[in-house]
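In what follows, a structure is listed as structure tokens, so that the remarks can point back to it.
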Amino acid sequence: MISIVIPCYNVFDKIEDVLSKIPNIVDRIYVVNDASTDNTLDILEQFSSLDKRIIIISNDINLGVGGAVKVGLLKAIEDGCEIVIKLDGDGQMEPEHIPNFIKVLRKHHYSFVKANRFYDFSALKKMPLIRRIGNIALTFLIRLSSGYWSISDPTNGYIGFKSEYLKKIDFEKLHDRYFFESSVLNELHFYKIKILEIPI
């Protein structure tokens, strides 16, 4: 089975558009409502009645984006999903790339794929200068700590796993908030797992 994990926090005005674009190749959609204070849960319940692939998981307290993702990943593993792709609920990640993630994970010897916004250097040039400098510095630090020197966009959270390798990761060591992606890279390197970046 192919699954999508979507962490959600106060995205009532965006989540419906994200869910409507997820292709039919996906078998299950785990939407983790991370104790939203708006009507995100109402929107999810309405949409899930139309799309039976959607499984809503509601956290009693806010765990942070990383914590919410971990909840979804563990549920996907428990349900026997072969491939798990993490997609944010705020509409910044286009679901149209999902088939390419699946193709790479199924046909190549990669256990983990992630999106790369900077494959075309012009995208980096469009960033404000201070953000560009910060991104370059953070990229260097994450490369240094993780050992993945070929990674160009380490903070991008559009990621996909083969669950057989996901099971090896120590979830307790994964960060619960915004350093989730970099902590994933550190864990993957510990197990010598191959990574491929996909241009988006």
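Computed from the coordinates by the stated procedures, all read-outs in this text should not be read as laboratory data. Just so it is clear, the model here is predicted, and its values are computed rather than measured. Counting neighbours? That spans all protein chains shown, and the Cβs are built from the backbone with ideal geometry, glycine included.
Ignoring lysines fewer than eight residues from residue 103 along the same chain, the ones with Cα atoms less than 26 angstrom from its Cα are 21, 52, 70, 75, 86, 114, 162, 167, 168, 192, 194.
For region 1-122, the convex hull spanned by the alpha carbon atoms encloses 115 Å³ per residue.
For region 45-119, applying the loop criterion from DSSP together with a ceiling of 15 other beta carbons within 10 Å to the chymotrypsin sites (Phe, Trp or Tyr not before Pro) yields 119.
A cut-off under 10 angstrom between Cβ atoms defines the neighbours of residue 82, and their net charge, with Lys, Arg +1 and Asp, Glu -1, is 0. Annotation: amide H-H contacts under 5 Å for residue 54 (H modelled 1.01 Å from N, sequence separation of 5 or more, or interchain): 29.
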